[in-house]
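Asks: Take a look at this one; I'll ask things after.
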Amino acid sequence: EAKSTQQLFVNYFEGLSERADNFLDMTTKIKNALINHEFELYFQPIFCTRFDEIHGAEVLIRWPQKDGSFITPDQFIKVAERTGMILNITQWVVIETIKNLQRLKSLGFTGTMHVNLSTRDLESESFVEFIEELLKEDPTLSNYIVFEITEGAMMTDLEAARAMMYKLNSRGFEFSVDDFGTGFSSLSLLRELPINQIKIDRSFINNMLTKIADYAIVESTLFLAHRLNCNVVAEGIETKELQEILKSMNCEFLQGYYFSKPLPLERFIEKYLNKGS
Ligand code: C2E
Ligand code: CA
Ligand code: CA
Ligand code: CA
């Protein structure tokens, strides 16, 4: 049955204010979470196909709740991007990553840590300043940290991204294009920005053994990346079969549940750094 126009308006505005409430609610919750140290970092190993050994880890944020559940990053990162809270989150992630790295290095870990950045980070002057400050304390930092950025985030404000990426690249930081192939992006990014690595999105990896188009995209991405002197990470490796085929295609690095889910630091150490002890 038809609703009156007026009723539709009422519904619309009620929906709107409800969404606004949720939004404000989430902003406050994120702020409190930072103050109360509620966030945690998990680490997912990235494997090197050439030496069959761990190469590094992607740093992934987790927000555990009192009832033992988690608010997933997909649920709060987007809100944090809209409110600007992402800048605080990213700085927290970087500082915490450095702390964890010190422990990992003391146990013999020499790999890289891959930290996710958002558009807002790229556009913020304070982010570069923040990194410069950290470099004063530890000039070797750029050897251990790789920044992952999606094509979409690079494209949002290409000039800002370019300026920031060149500044950090001149300090020795490397950049990885996250979720490659999924956005409305342009291959010219690969020519215009200082990019060292491409991460092929797991949606292509998932289906490459059954869908000829996905196989073709993976194969072509590897070819293009290598021609541009970039190395490649295949995400979402869930089976031995995928591991083997990507190794045979000379994909340098692999990441996925087949190797390990993201782990808290202590579990990561147990699994990868306590060999033989
Ligand atoms: P992403 O950067 O593409 O990260 C990879 C996601 O894929 C992670 O989800 C990881 O747990 C998941 N994954 C890894 N291997 C497999 C696999 O074999 N199969 C499947 N199905 N999934 C796999 P997660 O941790 O839930 O993170 C989701 C997204 O949230 C990330 O996607 C990233 O965009 C964002 N995110 C996570 N942590 C941070 C952070 O510290 N900062 C920012 N800005 N974004 C973050
Ligand atoms: Ca990532
Ligand atoms: Ca990704
Ligand atoms: Ca993703």
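The values are calculated or read from the model by the stated rules, or taken from the named source; none is laboratory data. Predicted model only: the values in this text are computed from it and were never measured. A quick note on method: Cβ atoms are made from the backbone with ideal geometry, for glycine too, and the neighbour counts reach across all protein chains shown. Protein only, heavy atoms only, side chains kept; ligands, DNA and RNA dropped before computing areas. Shrake-Rupley method; radii C 1.70, N 1.55, O 1.52, S 1.80 Å.
Asks: Mind checking which of 197, 152, 218 is farthest towards the positive end of region 142-277's charge dipole, using Cβ charges of +1 (Lys, Arg) and -1 (Asp, Glu) about the Cα centre?
Replies: 197
Asks: Where does the charge balance sit around residue 265 when Lys and Arg score +1, Asp and Glu -1, over other residues with C-beta under 12 Å from its C-beta?
Replies: Taking every Cβ under 12 Å from that of residue 265, the sum is +1.
Asks: Let me ask something additional. In percent, how large is the relative contact order of region 1-125, given Cα pairs closer than 8 Å and 6 or more residues apart?
Replies: 24 percent
Asks: Express the relative contact order of region 117-265 as a whole percentage, based on alpha carbon pairs under 8 Å and six or more residues apart in sequence.
Replies: It rounds to 17 percent for region 117-265.
Asks: Compute the accessible area per residue over region 111-198, keeping the other protein chains in place, probe 1.4 Å, unit Å².
Replies: For region 111-198, the solvent-accessible area averages 43 Å² per residue.
Asks: Here is a further query. With the chain treated as a Gaussian network of Cα nodes joined by springs under 10 Å, which of 157, 74, 121 yields the largest mean-square fluctuation?
Replies: Of 157, 74, 121, the Gaussian network model singles out 74 as fluctuating most.
Asks: How big is the convex hull of the Cα atoms of region 153-277, per residue, in Å³?
Replies: In region 153-277, the Cα convex hull volume per residue is 141 Å³.
Asks: Let me ask something additional. State to the nearest 20 debye the size of the charge dipole of region 117-182 about its Cα centre, where the only charges are +1 on K and R beta carbons and -1 on D and E beta carbons.
Replies: 180 debye
Asks: Here's a follow-up. Can you pull the percent of the chain's accessible area that's carbon plus sulfur, 1.4 Å probe, other chains left in place?
Replies: After summing per-atom areas, the C and S share lands at 52 percent.
Asks: Tally Lys and Arg at +1 and Asp and Glu at -1 over the other residues with C-beta under 9 Å from the C-beta of residue 178: what net charge comes out?
Replies: Once all neighbours under 9 Å are counted, the net charge is -4.
Asks: At what distance in angstrom do the alpha carbon centres of region 81-98 and region 148-174 lie from each other?
Replies: Answer, in whole Å: 17.
Asks: Calculate the dipole size of region 138-274 relative to its Cα centre from +1 charges on Lys and Arg beta carbons and -1 charges on Asp and Glu beta carbons; express the result in debye to the nearest 20.
Replies: With Lys and Arg at +1 and Asp and Glu at -1, about 180 debye.
Asks: Please state the relative contact order of the chain as a whole percent: Cα pairs under 8 Å, 6+ residues apart?
Replies: Across the chain, relative contact order equals 18 percent.
Asks: Quick check: convex hull over the Cα atoms of the chain, volume per residue in Å³, rounded to an integer?
Replies: 188 Å³
Asks: Could you put 62, 171 in order of accessible surface area, largest first, with the 1.4 Å probe and the full protein assembly present?
Replies: Ranked list, largest accessible area first: 171, 62.
Asks: Sticking with this one: Between beta-carbons, use under 13 Å as the cut-off and find the net charge around residue 203, counting Lys and Arg +1, Asp and Glu -1.
Replies: -3
Asks: Hey, another quick one. So which aspartates and glutamates pass the test for residue 29, namely a Cα distance under 13 Å, with those fewer than 8 places away in the same chain ruled out?
Replies: 21, 38
Asks: If you don't mind, another one. Using the Cα atoms of region 15-167 to build a convex hull, what is its mean projected area in square nanometres?
Replies: Result: a mean projected hull area of 11.4 nm².
Asks: Which whole-percent values make up P(r) of region 48-126 when all C-alpha to C-alpha distances are grouped in 5 Å steps starting at zero?
Replies: Once binned at 5 Å, the Cα pair distances of region 48-126 give 3, 12, 19, 20, 17, 14, 10, 4, 0.
Asks: First measure r as the distance between the Cβ atoms of residue 250 and residue 110, then evaluate 1/(1 + (r/R0)^6) with R0 = 22 Å and state the FRET efficiency to the nearest 0.05.
Replies: E(calc), rounded to 0.05, equals 0.45.
Asks: Where the only charges are on Cβ atoms (+1 Lys, Arg; -1 Asp, Glu), what is the dipole of the chain about its Cα centre, to the nearest 20 debye?
Replies: 500 debye
Asks: Mind ordering 163-169, 212-218 by average Cβ neighbours within 10 Å, highest first?
Replies: Per-residue mean Cβ counts within 10 Å order the peptides as 163-169, 212-218.
Asks: Among 43, 259, 184, determine the one that fluctuates most according to a GNM of the chain built with springs between C-alpha atoms less than 10 Å apart.
Replies: In the Gaussian network model the winner is 184.
Asks: How much accessible surface area, in Å² rounded to 10, belongs to the heavy atoms of residue 53 with a 1.4 Å probe?
Replies: It works out to around 100 Å².
Asks: Can you give the accessible area of residue 37, probe radius 1.4 Å, in Å² rounded to 10?
Replies: 140 Å²
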